[in-house]
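Inspection log for the structure reproduced underneath, given as structure tokens.
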Amino acid sequence: MAMIDEPLYPIAVLIDELKNEDIQLRLNSIRRLSTIARALGEERTRKELIPFLSENNDDEDEVLLAMAEELGVFIPYVGGVEHAHVLLPPLETLCTVEETCVRDKAVESLCRIGAQMKESDIVDWFIPVVKRLAAGEWFTARVSSCGLFHIAYPSAPDQLKTELRTIYGQLCQDDMPMVRRAAASNLGKFAATVEQNHLKTEIMSIFDDLTQDDQDSVRLLAVEGCAALGKLLEPQDCVAHILPVIVNFSQDKSWRVRYMVANQLYELCEAVGPEPTRADLVPAYVRLLRDNEAEVRIAAAGKVTKFCRILSPQLSIQHILPCVKELSSDSSQHVRSALASVIMGMAPVLGKDATIEQLLPIFLSLLKDEFPDVRLNIISKLDQVNQVIGIDLLSQSLLPAIVELAEDRHWRVRLAIIEYIPLLASQLGVGFFDDKLGALCMQWLEDKVFSIRDAAANNLKRLAEEFGPEWAMQHIIPQVLEKINNPHYLYRMTILQAISLLAPVMGAEITCQKLLPVVINSSKDRVPNIKFNVAKVLQSLIPILDQSVVEKTLRQCLVELSEDPDVDVRYYANQALQACDQMMVSS
């Protein structure tokens, strides 16, 4: 008897838990649907489990969301693709619930199942679901149906295809803005499955209606449709149908629509081709760059380099550069920041002369901007300008501003400059670097902010790698070692860190002669933090130094530290002594 009852057990547990008041138990049982389906077998899953789920009207959105997700991967548990249609009823019900994320997940699962179904099954089972949802009394069903047409349409016979196109057209004129929005956002996917002759007539007519919708939330989704439809149409049709819409949208009374155009303009330009872009879209883009809404200007400014790449340098200089100059002194810091993040990319597009004449003054004004993000965005892209105008001009025009920023009151700006220094050093060369930037690199070691001191120590290591140990021996090591006597222990710690970073670059001889004595001397420091950092540095020096030095000098210092009154100092000293022992064993 027990053997007969056993297969019933999982479904009994599921039904009990699904009706349990505790939401967590209901969620757990939904997430275990696949396990339960395997225990039941394919036939009983189809006949008992799926009908039960169809009737289960849980009021917790979290449970419904989990169910919508699980059913999307349920085809193997109901007996494969030929039985996939049994999964449609519970998902159809989920497509009508009020919670948006549940509906979206149900539509996603239906699309996944529909994509695997046979053509005949789509006609018999899937398309009726789409039609029922599209005719649903409650708007939620009609919203969900919009996301299913692109799956249903390709498999439908001609008569049904006509009907589906008509239904979609009706959804685009629905009384509820939410339904029209769903239809607008899915139009591109649906249009991609429609035949070319119907695309130019029916779909374009639907699209025209959406572009003139009285709700801006529908029109802004139609902007996305412009780019999608533009890629499906022939270039001449695209110019005839899509271009006027884009130009109108760029002057739309709603700033959200104009913002969407500014965001999508590059994709729209690709769709219509270079000639119409020059004639019609340049004036539209210039309008967006001068828009009275800051959000629109931000979106447009962020695309300025991409847009210039489509145009010839002359057109860019003639039409776009005047707007860029205006934007560089825009009243909104976010507009200036968006411009600063892309403006450097204009240098290779415009060429050397235009960059020197037109762009350099803009770079300089942005480098002196009061808002740190603007300055930061310029600094991080300087190498793009260097490739175009060469280092001499760059150093004459921009370097004074960079030196000024090295002492900026915002530490993140100082940090960006430090991180840029090694690249600048490699471009400027040793002589120039020594004159202008050498002192700054030392100054940063005594900055008030730890991140700056940390970056400064790493910066010295990268400079030593760039210019070689001999240069470092002359220009870095003496100045670094001088600072070990700084009265503040945090600065002395930075010097210890710099020593541990420089040692591998400098090699065993210099480390032994110059760096090691300073570290050993610091082990007598009165501050425990310094002493345990000495132990850490000594441990990092073990692989670099000769074994005899490790045994004579290092070990003796570490033994002294291992008897220190402070527990942390003893801990790190013992760690370093263990590393010494391991090295002895391995050698």
Legend entry - A416 vs. criteria in a helix (DSSP H, G or I), modelled with pLDDT of 70 or more, hydrophobic (A, V, I, L, M, F, W, C) and over 26 Å from E370 (Cα atoms): no
Legend entry - Every residue from the range 79-97 that is open to solvent by 50 Å² or more (accessible area, probe 1.4 Å) and assigned to a helix (DSSP H, G or I): E82, H83, P89, T93
Inset, instruction - Please go through the range 321-341 and pick out each residue that is under 20 Å from V282 (Cα atoms) and not polar (S, T, N, Q). - result: L321, P322, C323, V324, K325, E326, L327, V335, A338, L339
Inset, instruction - Mind telling me which of the residues V130, V102, V107, V143 ends up being under 25 Å from D175 (Cα atoms), touching a Phe, Trp or Tyr at 6+ places or on another chain (Cβ under 8 Å) and either open to solvent by 30 Å² or more (accessible area, probe 1.4 Å) or assigned to a helix (DSSP H, G or I) (or both)? - result: V130
Inset, instruction - For residues that are under 31 Å from the mean Cα position of the chain (by Cα) and part of a loop (DSSP other than H, G, I, E, B), scanning just the range 169-204, find the one that is surrounded by the most Cβ atoms within 10 Å (Cβ to Cβ). - result: T193
Inset, instruction - Can you work out which of the residues in the range 312-333 that are more than 30 Å from the chain's Cα centre (by Cα) and closer than 15 Å to L360 by Cα is modelled with the lowest pLDDT? - result: I317
Legend entry - Hits in the range 443-455 (condition: hydrophobic (A, V, I, L, M, F, W, C) and touching a residue at least 40 places away in the same chain (Cβ under 8 Å)): L445, F450, I452, A455
Inset, instruction - Scan the range 149-162 and give yes if some residue there is within 29 Å of S34 (Cα to Cα), part of a loop (DSSP other than H, G, I, E, B) and more than 37 Å from the chain's Cα centre (by Cα), otherwise no. - result: no
Legend entry - For L428: the one exception among (1) more than 34 Å from the chain's Cα centre (by Cα); (2) modelled with pLDDT under 80; (3) open to solvent by less than 30 Å² (accessible area, probe 1.4 Å): (1)
Legend entry - Tally, over the range 515-530, of residues that are in a helix (DSSP H, G or I) and without any contact (Cβ under 8 Å) to a residue 40 or more places away in the chain: 8
Legend entry - Test: residue in the range 349-365 that is touching a residue at least 12 places away in the same chain (Cβ under 8 Å) and under 25 Å from the mean Cα position of the chain (by Cα): no
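A quick yes/no check of all residues on (1) modelled with pLDDT of 85 or more; (2) under 24 Å from C580 (Cβ atoms); (3) of a type in the set (D, E); (4) in contact with a strand residue (DSSP E or B) (Cβ under 7 Å, 6 or more places away or on another chain):
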| site | (1), (2), (3), (4) |
| --- | --- |
| S451 | yes, no, no, no |
| P469 | no, no, no, no |
| M506 | no, yes, no, no |
| E509 | no, yes, yes, no |
| K514 | no, yes, no, no |
| I520 | no, yes, no, no |
Legend entry - Inter-residue pairs, beta-carbon under 6 Å, first farther than 19 Å from N292 by Cβ and open to solvent by 50 Å² or more (accessible area, probe 1.4 Å) and in the range 317-340, second assigned to a helix (DSSP H, G or I) and among the acidic types (D, E), 6+ apart: none
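The values are calculated or read from the model by the stated rules, or taken from the named source; none is laboratory data. Keep in mind that what you see is a predicted model, and the values were worked out from it rather than measured. Don't worry about glycine lacking a Cβ; one is built from the backbone with ideal geometry, like all the others, and counts go over all protein chains shown. Heavy atoms of the whole protein, side chains included, go into the accessibility calculation; ligands, DNA and RNA do not. Shrake-Rupley method; radii C 1.70, N 1.55, O 1.52, S 1.80 Å.
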